[in-house]
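Contents: one structure, followed by commentary.
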Amino acid sequence: MTRFTPAELEAARDRLVPDVIADGLGVLFCGINPGLMTAATGHHFARPGNRFWPVLHLSGFTPRLFRPAEQDELLSYGLGITNVVARATARADELAAEEYREGGRILAAKVERLRPRWLAVVGVTAYRAAFDERKAAVGPQKRTIGSSRVWVLPNPSGLNAHWTAATMAQEYGRLREAAGL
């Protein structure tokens with residue numbers, strides 16, 4: 001893994017991380033926002049300790065453990081990645097409520113255009129803030145965006161101690177089965 005100085009990570013705040021998207025995906029995973037390591041590398045969920053890639057594999061979405069640098073290979077499995085908020089931060093609590101709401105509007109427009117079968121938001125707090133769904137819980141949601149169904153998944157951040165990789169993989173696996181992947 002590439003090592004970055006604190007100054008290099010701080011400079012990454014200004015970088016946009018490209019989406020990994022295509023029309024008609026089975027599942028479009030949506031993170032909260034890029035962390036500084038993700039912005040520095042240009043690869044989603046790049047911070048060591050983030051469990052997205054291991055959980056994706058453990059849940060059966062991918063046949064092997066992918067590295068963040070292999071993110072574009074997800075498209076061949078009908079999977080993609082985007083974020084609620086495009087701005088990179090060291091921590092999600094640096095985002096303002098209006099950034100979440102605006103991100104939710106942008107995300108909804110993106111989903112309507114791309115028409116994935118499922119939008120999977122990784123983080124219930126981000127979903128609640130972006131879509132003003134204060135009582136939302138992990139799992140499938142009643143909300144649809146165009147023809148796309150919505151599922152809220154646990155946040156794979158290493159800071160999320162409420163979920164283990166194994167219990168997250170079970171929830172991600174429920175989505176995989178619902179999506180027919």
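The values are calculated or read from the model by the stated rules, or taken from the named source; none is laboratory data. Computed from a prediction, not measured in an experiment: that's the story for all the values here. Here the Cβ is made from the backbone with ideal geometry for all residues, glycine too, and neighbour counts use every protein chain on show. The area values use the complete protein model at the heavy-atom level, side chains included, leaving out ligands, DNA and RNA. Shrake-Rupley method; radii C 1.70, N 1.55, O 1.52, S 1.80 Å.
Would you say residue 74 is under 12 Å from the mean Cα position of the chain (by Cα), within 24 Å of residue 145 (Cα to Cα) and part of a helix (DSSP H, G or I)? Spelling it out, it is not the case that residue 74 is under 12 Å from the mean Cα position of the chain (by Cα), within 24 Å of residue 145 (Cα to Cα) and part of a helix (DSSP H, G or I). Across region 141-181, the qualifying residues are those that are β-branched (Val, Ile, Thr) and under 28 Å from residue 105 (Cα atoms), and the one among them that is most open to solvent (accessible area, probe 1.4 Å) is 144.
Among the residues of region 18-39 satisfying the criterion of being open to solvent by less than 20 Å² (accessible area, probe 1.4 Å) and closer than 15 Å to residue 69 by Cα, which is modelled with the highest pLDDT? Looking at the filtered set, the residue picked out is 20. Here is the figure for region 130-175: residues that are closer than 17 Å to residue 103 by Cβ, among the polar types (S, T, N, Q) and more than 17 Å from the chain's Cα centre (by Cα) total 0. For region 103-140, a residue qualifies if it is open to solvent by 30 Å² or more (accessible area, probe 1.4 Å), more than 14 Å from residue 21 (Cβ to Cβ) and touching a residue at least 12 places away in the same chain (Cβ under 8 Å), and the qualifying residues are 124, 125, 129, 132, 137, 138, 140. Restricted to region 56-71, and to residues there that are over 13 Å from the mean Cα position of the chain (by Cα) and touching a residue at least 60 places away in the same chain (Cβ under 8 Å), the residue that is most open to solvent (accessible area, probe 1.4 Å) is 58.
Find the residue count for region 40-49, including only residues that are in contact with a Ser or Thr (Cβ under 8 Å, 6 or more places away or on another chain) and at pLDDT 90 or above. Residues that pass the stated criteria total 3. Taking region 62-71 as the range and being assigned to a helix (DSSP H, G or I) and either more than 16 Å from residue 45 (Cα to Cα) or of a type outside the set (D, E, K, R) (or both) as the test, the residues that pass are 68, 69, 71. Quick one: would you say residue 87 is open to solvent by 10 Å² or more (accessible area, probe 1.4 Å) and either of a type outside the set (Lys, Arg) or assigned to a helix (DSSP H, G or I) (or both)? Taking the combined requirement at face value, the residue does not satisfy it.
Grab the strands (runs of 3 or more DSSP E) fully contained in region 94-181, keeping just those with 3 or more residues being farther than 19 Å from residue 45 by Cα. First the steps, then the outcome.
Numbers: elements: 118-122, 139-145, 148-153.
Output list reads 139-145, 148-153.
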